[in-house]
Number of protein chains: 2
Amino acid sequence: MGRTHIWSVAEHLEDILGAVHPLEPIELQLLDAQGCVLVEDITVPVSLPPFDNSSMDGYAVRTADVAGAGEEFPAVLEVIGDVAAGSPGDLTVGPGQAARIMTGAPLPPGAEAVVPVEWTDGGLGEGPVGTMNPHSASPEGATGEVRVHRPAEARAHVRARGSDVKAGERALDAGTVLGPPQLALLAAIGRGSVRVRPRPRVVVLSTGSELTQPGEELPEGHIYDSNSFALTAAARDAGAIAYRVGAVADDAETLRSTIEDQLIRADLLVTTGGVSVGAYDVVKEALQHVGDEDEAGSGIEFRKLAMQPGKPQGFGSIGPDHTPLLALPGNPVSSYVSFELFVRPAIRALMGLKDVSRPTARAELRADTPLSSPSGKRQFLRGRYDEEAGAVTPVGGAGSHLIAALAHADALIVVPEDTTEVAPGAEVEVVLLG
Amino acid sequence: MGRTHIWSVAEHLEDILGAVHPLEPIELQLLDAQGCVLVEDITVPVSLPPFDNSSMDGYAVRTADVAGAGEEFPAVLEVIGDVAAGSPGDLTVGPGQAARIMTGAPLPPGAEAVVPVEWTDGGLGEGPVGTMNPHSASPEGATGEVRVHRPAEARAHVRARGSDVKAGERALDAGTVLGPPQLALLAAIGRGSVRVRPRPRVVVLSTGSELTQPGEELPEGHIYDSNSFALTAAARDAGAIAYRVGAVADDAETLRSTIEDQLIRADLLVTTGGVSVGAYDVVKEALQHVGDEDEAGSGIEFRKLAMQPGKPQGFGSIGPDHTPLLALPGNPVSSYVSFELFVRPAIRALMGLKDVSRPTARAELRADTPLSSPSGKRQFLRGRYDEEAGAVTPVGGAGSHLIAALAHADALIVVPEDTTEVAPGAEVEVVLLG
């Protein structure tokens with residue numbers, strides 16, 4: 001497209017998502033794969049549970065032996081020992097016998113059901129009990145007799161082999177995002193690691209000779225660097241491993257060498273500042289000719305967008321691996337809004353997520369006066385969203401330097417390109433910043 | 001309370017939240033404070049912006065000099081040099097003069113407004129221009145004459161000192177959760193570090209001699225440890241720094257010494273398994289007498305809750321620092337549901353967050369048959385929530401060993417204590433697992 005083309009927000013995002021591809025998958029240990037997208041279909045290798053087992057602490061019995069049992073006329077069974085989870089032993093329950101069994105322990109051969117300990121005298125020869133004596137108090141295991149006060153149907157309190165999932169069934173589909181329950185299932189079927197798309201490594205640089213590190217003395221004419229902090233934090237929130245390089249002075253050579261230096265650890269580069277029409281806009285100066293012109297998609301293109309804030313933007317790729325780079329404007333609100341609209345989707349596309357953008361909602365505008373918006377530009381104003389009321393209230397003005405208002409907002413109010421005024425009470429679209 | 005008391009879900013949670021207090025605040029660097037709760041009111045030390053500055057790349061002028069300017073009869077001004085952001089120099093704009101100025105650079109003395117470069121000939125003596133020549137192409141700065149094609153009102157394109165926030169104003173209140181925009185504001189006012197409540201360190205242990213590490217060969221009668229993975233991941237999701245110790249065998253002495261060993265890095269301990277009525281329930285055996293009986297709130301109390309799954313639970317504190325410990329049941333679904341209901345709120349209370357529990361919603365039950373639920377117990381079933389339709393569909397059955405169903409759920413369906421059946425189409429409460 002020519003240099004005079006003004007890009008819409010949708011066109012710019014489409015261009016980015018068309019060029020940013022999911023990262024190559026790698027094998028990761030389960031806890032390192034948290035939040036990542038699975039790239040393989042996972043089939044269950046062994047049924048779950050792997051064997052019939054008890055769902056209660058109690059006694060494994062033959063149903064005929066406890067048929068008709070009651071508190072007055074309990075079934076009296078010979079206790080042949082313990083079946084504990086993890087050390088099943090080799091007991092077989094014969095007629096008139098019972099094995100003391102723990103939750104999760106395999107149902108021993110011969111047994112057909114489990115009666116909970118609360119339905120028995122616990123082998124103490126007295127009334128019903130609520131609990132077993134600890135194994136450590138009688139390490140030889142249970143012996144003697146147990147009185148059972150209730151009958152049990154076949155398979156009562158038995159969890160059947162394969163009742164959760166069966167061998168050969170699909171456990172999880174490729175594309176699943178791995179949260180705690182999905183990691184639980186993978187662990188339960190024995191997977192110690194899985195193939196996922198890794199979290200992208202995002203390098204954040206701010207540019208500007210006027211930028212001073214917070215906590216230091218502020219020289220005259222300087223301001224504190226805030227963009228590199230905000231965008232590093234925002235990149236992490238989006239799912240990335242983010243590195244804050246901090247502020248680089250307005251010198252094209254320094255910027256170029258800093259970026260080249262950082263490429264080794266970057267799946268995505270984000271810069272702020274230096275992309276407009278000024279004489280010291282070094283990001284534009286340093287990067288607009290770095291592409292290999294013979295290679296499609298290489299090099300950074302600088303554009304004007306039909307949006308406010310965030311009009312000047314750069315996007316392209318850089319370095320031998322064609323690492324994507326987004327060059328955002330330098331005003332704090334502009335860079336943050338640009339991050340939400342363009343960088344967050346790029347990060348989530350690198351992760352292989354389908355859902356790349358923030359959720360939106362429709363809300364009633366709560367304001368004393370109409371909002372005005374420039375014609376031909378999509379405007380993003382800061383607001384506070386009231387979910388209960390389905391309403392949004394503007395916070396602060398449209399100025400792209402108003403950081404305090406941004407810090408008290410939780411939504412962006414979207415005013416479309418062809419709208420120049422929004423009346424109080426009108427319905428607007430809001431981007432929920434979460 | 002006596003040993004026969006059956007605790008409600010609400011009573012147990014109230015007991016936990018009454019005993020778990022926010023961690024002592026510490027001073028953290030901005031990016032380490034992400035997601036943490038601020039404990040100090042932050043006052044603005046220096047107004048923002050700290051000086052009047054240009055919002056555009058253009059020329060700083062005196063308004064009288066450009067009054068009545070048009071494209072046909074431009075105002076012709078003497079260019080006295082550059083004012084760049086970060087290196088303001090000492091120019092003063094006199095009558096008939098202009099200084100070339102960059103976005104963010106201080107408005108020089110004498111100037112009253114900024115005209116954007118697009119309203120001028122950029123000093124080239126031809127028509128209107130869209131951009132400035134790079135500084136690097138003419139390092140001596142701008143000289144000669146500029147033609148201005150439009151008038152400017154006083155203060156046009158000038159961002160006034162203090163127009164974002166003024167010195168002495170409140171920037172952020174204690175209690176604010178620090179996300180990217182709040183970190184931006186802190187950085188912008190020069191704060192390099194802040195006092196916040198740190199993320200709690202949570203140690204997760206599963207217990208059971210039947211547990212094998214995923215990825216290893218599964219011995220007969222064993223199952224894979226999944227709880228320690230699920231709860232470590234869930235603790236991280238809740239905001240904690242989580243350490244997975246893994247599975248400990250059913251031996252009280254081993255468990256006690258493992259816990260003592262871990263106390264040094266724990267703000268909260270979570271165990272799974274060994275809390276019921278079996279003979280090998282070593283968590284109960286190991287921990288129910290560890291408290292110093294003379295000291296209020298010390299020691300772990302084991303209880304029965306009126307809930308399903310998750311009936312047996314332990315809670316108390318342990319060690320010289322009275323570190324809180326939650327002992328959850330061992331069935332995977334029971335432990336996960338218990339985590340969501342009790343551990344997540346505990347973690348968030350340690351962080352000082354007000355909003356400790358998952359959000360809930362009302363939804364229409366979508367099912368072919370009624371749900372049945374035991375009388376006197378609050379039941380939590382797994383479901384899939386459809387926000388658009390305001391409906392929830394049960395996934396899998398009530399069995400507390402059904403991990404596969406849990407991995408396909410995104411909500412818990414709550415069936416109250418006094419409800420034994422829920423008809424299809426009825427409204428139910430759902431806990432949104434997010």
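Quick note: the coordinates plus some simple rules give every number you see, no bench work behind them. Source: prediction; values computed, not measured. Glycine gets a Cβ as well: all are built from the backbone with ideal geometry, and neighbour counts include every protein chain shown.
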### Message
Run the label-point distances for residue A:24 please: 7 Å along Cα to Cβ, every other copy, nanometres, shortest first.
### Response
4.9
### Peptide-level mean, for B:392-402, of C-beta atoms on other protein chains within 10 Å
2
### Task
Can you find, among A:141, A:61, A:103, the residue farthest towards the positive end of the dipole of the stretch A:53-159? Put +1 on the C-beta of Lys and Arg, -1 on that of Asp and Glu.
A:103
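So in the protein assembly as shown, what percent of DSSP beta bridges are antiparallel if you round to the nearest 5?
Numbers: 114 of 170 bridges.
Here the antiparallel bridges make up roughly 65 percent for the protein assembly as shown.
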### Query
Label points 7 Å out from Cα along the Cβ direction at residue A:71 and residue A:167: separation in nm?
4.6
### Query
With each label point set 7 Å from Cα along the Cα-Cβ vector, what nm distance links residue B:369 and residue B:355?
3.9
### Query
Which distances, shortest first and in nm, link residue A:52 to the matching position in the other copies, using label points set 7 Å out along Cα to C-beta?
9.0
### Task
Using only the Cα atoms of chain A, each taken as one equal point scatterer with no solvent, compute I(q) by the Debye sum, divide by I(0), and report log10 of the ratio at q = 0.08, 0.09, 0.12, 0.14 Å⁻¹.
-0.64, -0.71, -0.94, -1.20
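Evaluate the relative contact order of the stretch A:53-159 (contact order divided by residue number), counting alpha-carbon pairs under 8 angstrom at least 6 apart; express in whole percent.
Numbers: 289 pairs, mean separation 42.0, N = 107.
That works out to 39 percent.
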### Message
Largest first and in whole Å, what are the equivalent-ellipsoid semi-axes of the stretch B:263-412 based on the Cα gyration tensor, each being the root of 5 times an eigenvalue?
### Response
32, 18, 12
## Note on the structure
Short to long, in 5 Å steps from zero, the percent of alpha-carbon pairs of the stretch B:1-131 per bin is 2, 9, 14, 13, 9, 6, 5, 5, 6, 5, 5, 4, 4, 4, 4, 3, 2, 1, 1, 0
### Query
Classify the stretch B:56-153: rounded, prolate or oblate, from the alpha-carbon gyration tensor (a ≥ b ≥ c, eigenvalue square roots; a/c under 1.5 rounded; otherwise prolate if a/b is larger than b/c)?
oblate
### Task
Could you state the angle between the C-alpha long axis of helix B:9-19 and the longest principal axis of the C-alpha atoms of chain B, as a value from 0 to 90 degrees rounded to the nearest 10?
60
### Query
How far is residue B:137 from the same spot in each other copy, in nm, shortest first, if each label point sits 7 Å from Cα toward Cβ?
9.1
### Task
Can you bin the protein assembly as shown into rounded, prolate or oblate? Criterion: square roots of the alpha carbon gyration tensor eigenvalues sorted a ≥ b ≥ c, rounded for a/c under 1.5, prolate for a/b above b/c, oblate for the rest.
prolate
### Query
Is there a pair in B:284/B:304; B:311/B:377; A:354/A:377; B:284/B:311; A:311/A:354; A:311/A:377 whose C-alpha atoms are over 19 Å apart, and which pairs would that be?
A:354/A:377; A:311/A:354
### Message
Which of B:386, B:121 has the fewest other C-beta atoms within 10 Å, and how do the rest follow up to the most?
### Response
B:386, B:121
### Query
Given +1 on the Cβ of Lys and Arg, -1 on the Cβ of Asp and Glu, and no further charges, what dipole in debye does the stretch A:360-432 carry about its Cα centre, rounded to the nearest 20?
280
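Suppose every Lys and Arg Cβ carries +1 and every Asp and Glu Cβ carries -1, with no other charges. What dipole size does chain B come out with about its Cα centre, to the nearest 20 debye?
420
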### Message
Which residue in A is nearest the A/B rotation axis when you measure from the C-beta atom, and what is the distance in Å?
### Response
A:434, 5
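Determine the shielding of peptide B:169-180 by partner chains: average, over its residues, the number of Cβ atoms on other chains within 10 angstrom of each Cβ. Spell out each step's value before the answer.
Working: counts 1, 1, 4, 3, 0, 0, 0, 2, 0, 2, 8, 16.
Mean shielding count: 3.
Considering Cα pairs under 8 angstrom that are at least six residues apart, work out the relative contact order of the stretch B:360-432 and quote it in whole percent.
47
Ranked by Cβ crowding within 10 angstrom, fewest neighbours first, how are B:185, A:124 ordered? List each step's numbers first, then the result.
On the way: B:185 28, A:124 14.
Fewest to most other Cβ atoms nearby, the residues stand as A:124, B:185.
Quick one: putting +1 on the C-beta of Lys and Arg, -1 on the C-beta of Asp and Glu, what dipole do you get for the protein assembly as shown around its Cα centre, in Debye to the nearest 20?
That gives a dipole near 640 debye.
Rounded to the nearest 0.05, what FRET efficiency do residue B:261 and residue B:386 give with R0 = 30 Å and r taken as the Cβ-Cβ distance? Could you check? Each step should come with its number before you reach the end.
On the way: r = 46 Å, r/R0 = 1.54.
For residue B:261 and residue B:386, the calculated efficiency is 0.05.
So for B:118, A:140, A:153, A:285, fewest C-beta neighbours within 10 Å to most, what's the order? Please list the in-between numbers first.
On the way: B:118 16, A:140 8, A:153 11, A:285 22.
Lowest count first: A:140, A:153, B:118, A:285.
To check you understand DSSP bridge types, tell me what percent of the beta bridges within chain B (both residues inside) are antiparallel, rounded to 5.
Details: 57 of 85 bridges.
Roughly 65 percent of the DSSP beta bridges within chain B come out antiparallel.
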## Note on the structure
Once both label points are put 7 Å beyond Cα along the C-beta direction, the residue A:253-residue A:4 separation in nm becomes 3.7
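Expressed as a rounded percentage, what relative contact order does chain A have, with Cα pairs under 8 Å and six or more residues apart?
Details: 1036 pairs, mean separation 66.6, N = 434.
RCO, chain A: 15 percent.
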